[in-house]
Every structure is written in C-alpha cells, then in structure tokens.
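Written below as structure tokens is the structure these notes are about.
The values are calculated or read from the model by the stated rules, or taken from the named source; none is laboratory data. Predicted, not measured: the structure shown is a model, and the values here were computed from it. In this analysis, Cβ positions are derived from the backbone assuming ideal geometry, glycine residues included, and neighbour counts consider all displayed protein chains. Each accessible area value is taken on the protein alone, full model and side chains, heavy atoms only, with ligands, DNA and RNA left out. Shrake-Rupley method; radii C 1.70, N 1.55, O 1.52, S 1.80 Å.
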Amino acid sequence: MLLYAVIEWLSKKYPSKSWTVGIFSKEIAKFANVNKKAKYRPYCQFVVFLLKKKLSVAKNQAKSQG
C-alpha cells in the first residue's frame, strides 16, 4: 500500500518529467535527513529504500543509453 502511495506522490510531484538520477538523489536526501522539528518523516526508511532501488535502476538505464 505504501509503495503505491510513494509512486503516486512522485507522479504528482513530477508529472511531466521522467524520474532521473537527480530527482531520486534529491528526494533521498530529503527523506534521509531530519526535518525542522528534528524528526524524521513517517516511513522514511521504506521510502529511502524504495528510492535507492529506483535510483539504481535509473543509473543502469543511463549507462546503457550513454
């Protein structure tokens, strides 16, 4: 269920873009760090895991195309 929520969130945040290495890196940095209240975002470890997996796929695709 959370997996679909993360994918939907990315689709809404970046509707006209393909998800690039830069996008995944930026979002990983946001979720891996604490917020202004010195707390992590809910389910941050799962989101970071998922984004790192997607980042790995994006890097491999970029290597094969370039």
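The table that follows gives values for the structure above.
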read-out	value
Any pair with Cβ under 7 angstrom, 6 or more apart, that starts in segment 22-46 at a residue that is at pLDDT 85 or above and part of a loop (DSSP other than H, G, I, E, B) and ends at one that is of a type in the set (Ser, Thr, Tyr) and surrounded by 11 or more Cβ atoms within 10 Å (Cβ to Cβ)	VAL34/TYR40
Identity of the residue in segment 28-66, open to solvent by less than 80 Å² (accessible area, probe 1.4 Å) and of a type in the set (Lys, Arg), that ends up farthest from ALA5 (Cα to Cα)	LYS30
Residues satisfying the stated conditions in segment 3-18, i.e. modelled with pLDDT of 90 or more and either outside any helix (DSSP H, G or I) or of a type in the set (Val, Ile, Thr) (or both)	TYR14, PRO15
Complete set of residues in segment 1-15 that are within 15 Å of VAL48 (Cα to Cα) and either in contact (Cβ under 8 Å) with a residue 24 or more places away in the chain or loosely packed, with under 10 Cβ neighbours inside 10 Å (or both)	LEU2, LEU3, TYR4, VAL6
